[in-house]
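Let me begin by presenting the structure, written as structure tokens, before commenting on it.
The values are calculated or read from the model by the stated rules, or taken from the named source; none is laboratory data. Because the structure is a prediction, the values reported are computed rather than measured. All Cβ positions, glycine included, derive from the backbone under ideal geometry; neighbour counts span all protein chains shown.
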There are 2 protein chains.
Amino acid sequence: MSPRGRRPGGVDTRAAILTAARADFAEQGYDATSVRGIARRAEVDPALVHHYFGGKAKLFAAVLDIPADPAALIGAVVQGPRDQVGESLVRTFLSVWDSDEGRQRFQALLRSAVTHDEATLMLREFLTREVFGRVVRELAASAGSGRVPTHQVELRAGLAASQMIGLAVMRYIVELPAVVAASHDELAVMLGPTLQGYLAPDD
Amino acid sequence: MSPRGRRPGGVDTRAAILTAARADFAEQGYDATSVRGIARRAEVDPALVHHYFGGKAKLFAAVLDIPADPAALIGAVVQGPRDQVGESLVRTFLSVWDSDEGRQRFQALLRSAVTHDEATLMLREFLTREVFGRVVRELAASAGSGRVPTHQVELRAGLAASQMIGLAVMRYIVELPAVVAASHDELAVMLGPTLQGYLAPDD
């Protein structure tokens, strides 16, 4: 195959795109990586990247083995009732991670974040752009005001994320018995107000 | 030196105790390890272990490179005003971990928790016994009531820990800019009510 050749669609194509994406994200970070560049590296048409993965965020989630499309889940959360954003986020988070597979993937994700600087950089850029960025924009829009300074909003989104990541560390890594034993309802009731307080403090 | 010999006090003794403690904690976990057993392995008198480290919890903190005595700090927090437990915990936590050295040690601690099961077991038992256990006991005593079931109290202590661990992950590992830039005062004001809500929900 020549360097400018194009692979046909098929089983190998999806794997080739994933491999190219992994390399590009690792070398350039999330922000600087483009679908076009990944397609070039994988020697496929950019349309195939969209066909198989639906875009850069979902492709990144696939590379990191995140068992869901974070942007879609976050979108569902912020489009629900504003006074239930907190509980809704907790339930959404648990629905994504709370399985044997999710637990293993969270462990792998945290392990790579702790041990590889480039993974940390990717994760930080992804969280900022696709997860917090979305929550921040949607909540600011639904509040219809610019009262809260951007720094405050970003800090609040980051603290909400810190609570959920901490929950996952205690439930999936440290496995503290009381936190492992807690039901989704219990966690939603107890953590909901925390997230609500960070993300929608005026409601 | 015979197996029953006793090392004299000195530079080597402290190192020998640390080495023996590291091995015992790793093999047996936190709960099953005793100062007497560590002394036997290090071939020193148990009194020397107390002399150099002040007991099992402090020795464990030294093994894990925790840059402070957690039990003493937790004690100081819960002996202050009950309605300021939340803010006080945040400030105490930051005072321990928020330095170049503390950050490196947190990274090492999380790395070992994520990569070695035995470290996770040690950490879980230590957190349960020396950190949460203390908060739970002290707050229950100061409330003068048994209203909250033990499971609830342990869950609340675990969730408080999850918020602080999550903060450390975001501030020291992921390094989300808004969370890194936040001052101690900002974090105390924003996270204080969260911890207060978990630990002293009736105040």
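Just to verify a result, which residue in segment A:40-58, among those that are aliphatic (A, V, I, L, M) and closer than 13 Å to residue A:14 by Cβ, is surrounded by the fewest Cβ atoms within 10 Å (Cβ to Cβ)?
So the first thing to find is which residues in segment A:40-58 are aliphatic (A, V, I, L, M), and the list is A:42, A:44, A:47-49, A:57.
Narrowing the set further to residues that are closer than 13 Å to residue A:14 by Cβ leaves A:42, A:44, A:48-49.
Working: A:42: 25, A:44: 24, A:48: 20, A:49: 25.
The qualifying residue surrounded by the fewest Cβ atoms within 10 Å (Cβ to Cβ) is A:48.
Out of the residues in segment B:154-164 meeting the condition of being hydrophobic (A, V, I, L, M, F, W, C) and within 14 Å of residue A:175 (Cβ to Cβ), tell me which one is farthest from the other protein chains (Cβ to nearest Cβ). Reasoning before the result, please.
Looking only at segment B:154-164, we keep the residues that are hydrophobic (A, V, I, L, M, F, W, C), and these are B:155, B:157, B:159-161, B:164.
Going one step further and asking which of them are within 14 Å of residue A:175 (Cβ to Cβ), we end up with B:155, B:161.
Values: B:155: 4, B:161: 6 Å.
Of everything passing the filter in segment B:154-164, B:161 is farthest from the other protein chains (Cβ to nearest Cβ).
How about segment B:165-193: which of its residues are at the interface with chain A (Cβ under 7 Å from one of its Cβ atoms), in contact (Cβ under 8 Å) with a residue 60 or more places away in the chain and surrounded by fewer than 24 Cβ atoms within 10 Å (Cβ to Cβ)?
B:173, B:193
Checking residue B:54 against (1) in the same structural domain as residue B:137 (by TED's automatic domain parsing); (2) more than 21 Å from residue B:111 (Cα to Cα), which single condition isn't satisfied?
It fails just one condition, (1).
Regarding segment B:25-45, can at least one residue be identified that is hydrophobic (A, V, I, L, M, F, W, C) and either assigned to a loop (DSSP other than H, G, I, E, B) or out of contact with any helix residue (DSSP H, G or I) (no Cβ under 8 Å at 6 or more places or on another chain) (or both)?
Of all residues in segment B:25-45, those hydrophobic (A, V, I, L, M, F, W, C) come to B:25-26, B:32, B:35, B:38-39, B:42, B:44.
Checking which are either assigned to a loop (DSSP other than H, G, I, E, B) or out of contact with any helix residue (DSSP H, G or I) (no Cβ under 8 Å at 6 or more places or on another chain) (or both) leaves us with B:32, B:44.
Yes: segment B:25-45 contains one or more residues that are hydrophobic (A, V, I, L, M, F, W, C) and either assigned to a loop (DSSP other than H, G, I, E, B) or out of contact with any helix residue (DSSP H, G or I) (no Cβ under 8 Å at 6 or more places or on another chain) (or both).
Suppose we keep only residues that are over 20 Å from residue A:154 (Cβ atoms), of a type in the set (D, E, K, R) and in a helix (DSSP H, G or I) within segment B:125-179. Which one would you say is modelled with the highest pLDDT?
Filtering segment B:125-179 for residues that are over 20 Å from residue A:154 (Cβ atoms), of a type in the set (D, E, K, R) and in a helix (DSSP H, G or I), the one modelled with the highest pLDDT comes out as B:156.
Of B:62, B:39, which residue is touching a residue at least 12 places away in the same chain (Cβ under 8 Å) and within 18 Å of residue B:109 (Cβ to Cβ)? Steps first, please.
On the way: B:39 fails: within 18 Å of residue B:109 (Cβ to Cβ).
Only one candidate qualifies: B:62.
Considering (1) surrounded by fewer than 20 Cβ atoms within 10 Å (Cβ to Cβ); (2) at pLDDT below 85, say which one residue B:61 fails and leave the rest.
Among (1) surrounded by fewer than 20 Cβ atoms within 10 Å (Cβ to Cβ); (2) at pLDDT below 85, residue B:61 violates only (1).
Would you please name the residue that is modelled with the highest pLDDT, looking only at residues in segment B:108-124 that are out of contact with any Asp or Glu (no Cβ under 8 Å at 6 or more places or on another chain) and at the interface with chain A (Cβ under 7 Å from one of its Cβ atoms)?
Going through the qualifying residues, I end up with B:110.
Residue A:18 passes all but one of (1) in contact with a Lys or Arg (Cβ under 8 Å, 6 or more places away or on another chain); (2) within 16 Å of residue A:112 (Cβ to Cβ); which number fails?
(1)
Output yes when any residue across segment A:84-101 is part of a loop (DSSP other than H, G, I, E, B) and among the acidic types (Asp, Glu), and no when none is.
Taking segment A:84-101 as the starting set, the residues that turn out to be part of a loop (DSSP other than H, G, I, E, B) are A:98-99.
Checking which are among the acidic types (Asp, Glu) leaves us with A:98.
Yes, some residue in segment A:84-101 is part of a loop (DSSP other than H, G, I, E, B) and among the acidic types (Asp, Glu).
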